[in-house]
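The numbers here are math on the coordinates, done by the rules we state, and not lab data. As the structure is a prediction and not an experimental result, all values here were calculated from the model. Using ideal geometry, Cβ is built from the backbone for each residue, glycine included, and neighbour counts are taken over all protein chains shown.
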Amino acid sequence: MSSIELKSFKYSDEERFTFRGTREEIEKKMDQGYYIIRGGQGEYLLGKSSEMEIVLEIDEKEETFDVKNLIRKEYGQEKLTKSIFEKFIKDLKNGDKVLDFDKEHGLSIK
C-alpha cells in the first residue's frame with residue numbers, strides 16, 4: 001500500500017461561449033480542451049467540461065488525478081456540481097473517505 005497525502009485540489013466550472021473564427025483558430029481552442037457544441041461557417045458555440053482534479057503525494061512523488069468518475073461512482077451522481085466536489089474534499093480531509101492507489105488499478109476509495 002502506498003503512502004498518500006492530499007496536497008491540493010481544483011474545481012473549474014463548465015464553460016460555453018460563442019466563437020467566431022477560422023478552422024485553424026477553432027483547432028487551437030480544441031487543443032485547449034474546448035469542443036464544438038454546434039455551429040459552422042465561422043461561428044461556433046464552444047464548450048469545455050468542468051474539471052475536478054486533486055494533487056496527491058504518493059510515496060514522495062506528486063501526481064494529478066481527474067476524479068470525476070471516482071466521485072460519480074462513490075456518490076452515485078451522474079451530474080457533478082461544485083458542492084459534490086466540495087463534499088468529496090471535505091470527506092477526504094476528515095477521514096470519511098480514504099484513497100488508495102496501486103499501479104495496476106490506479107486511484108480508488110477504500
Label-point separation in nm, residue 50 to residue 98, each point 7 Å along Cα→Cβ: 2.9
Selected from 12, 83, 49 as most flexible by GNM, with the chain as the system and alpha-carbon contacts under 10 Å: 83
Backbone HN-Hα couplings from phi across the range 64-71 [Karplus 6.51/-1.76/1.60, Hz, Gly and Pro as x]: 9, 10, 7, 10, 4, 5, 4, 5
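Report the local net charge at residue 5: Lys and Arg +1, Asp and Glu -1, summed over other residues whose C-beta lies under 12 Å from its C-beta.
Working: positive: 7, 61, 93; negative: 57, 59, 60, 62, 63.
So the surrounding residues net to -2.
With a Förster radius of 30 Å, plug the Cβ-Cβ distance of residue 31 and residue 59 into 1/(1 + (r/R0)^6) and report the FRET value to the nearest 0.05. Write down the numbers at each step before the final one.
Values: r = 33 Å, r/R0 = 1.08.
Efficiency for this residue pair is about 0.40.
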Size of charge dipole - the chain - debye, nearest 20, with Cβ of Lys, Arg +1 and Asp, Glu -1, no other charges: 560
Hz values of 3J(HN,Hα) by residue in the range 104-109 - Karplus curve (6.51, -1.76, 1.60), Gly and Pro given as x: 6, 10, x, 7, 8, 10
The chain, helix-only ellipticity at 222 nm - DSSP H runs n ≥ 4, -39,500 (n - 2.57), divided by all residues, nearest 500: -7500 deg cm²/dmol
0 to 90° range, to nearest 10: angle between helix 82-93 axis and the chain longest Cα axis: 20
Computed P(r) (all Cα pairs; the range 4-109; 5 Å bins; percent): 2, 10, 19, 18, 13, 12, 10, 8, 5, 2, 0
Computed FRET value (nearest 0.05) for residue 41 with residue 4, which takes r as the C-beta separation and R₀ as 30 Å: 0.05
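Structure shown: which of 10/82; 68/90; 28/82; 7/103 lie over 21 Å apart, alpha-carbon to alpha-carbon? Write out the running numbers ahead of the final one.
Details: 10/82 10 Å; 68/90 16 Å; 28/82 28 Å; 7/103 19 Å.
Pairs exceeding 21 Å: 28/82.
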Of 105, 30, 18, farthest towards positive along the dipole that unit charges on Lys, Arg, Asp, Glu beta carbons give the range 4-109: 18
Burial order of peptide ranges 68-74, 34-40 (average beta-carbon count within 10 Å, highest first): 68-74, 34-40
